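Right, one structure below, let's go through it.
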Amino acid sequence: MQSRNKYKGYYNKKNYNSQTLKTYLGVLPPGNKIIKRNDYSYLTNCVAHEDNNPSLSISQGNTKVVFKCHAGCSQDQVAAYFSQKLGGL
Ligand SMILES: [Zn+2]
């Protein structure tokens, strides 16, 4: 009888990832709207430009959290904000 717990690693990874995404959400400016699109993707006000309507998506990718500003800010511009808040990524 094999007792390989092949699901354990999967769940650990999943928990780790969602925590990571929450870490990013947790350091957004206090006035930011946060709209949940699904468990792995949120929409919020962009931290790299003056944004009255949430246009920044923060999503859990396969290996890291990815940002996408629909107004055109680069990943680096957005990452710079979080890097400052989190003390380096
Ligand atoms: Zn932007």
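Count of region 38-74 residues, restricted to those that are within 15 Å of the ligand (Cβ to nearest atom) and modelled with pLDDT under 90, is 0.
Every residue, every condition in (1) assigned to a strand (DSSP E or B); (2) among the polar types (S, T, N, Q); (3) without any contact (Cβ under 8 Å) to a residue 60 or more places away in the chain, yes or no:
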position	(1), (2), (3)
Arg37	yes, no, yes
Ala48	no, no, yes
Pro54	no, no, yes
Ile58	yes, no, yes
Gly72	no, no, yes
Gln77	no, yes, yes
Ala80	no, no, yes
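Looking only at region 33-74, which residues are under 22 Å from Gly87 (Cβ atoms), more than 14 Å from the chain's Cα centre (by Cα) and buried (at least 16 other Cβ atoms within 10 Å of the Cβ)? The answer is Ala48, Cys73.
The values are calculated or read from the model by the stated rules, or taken from the named source; none is laboratory data. Everything quoted here is computed from the prediction, not taken from an experiment. For neighbour counting, all protein chains shown are included, and Cβ atoms are generated from backbone atoms with ideal geometry for every residue, glycine included.
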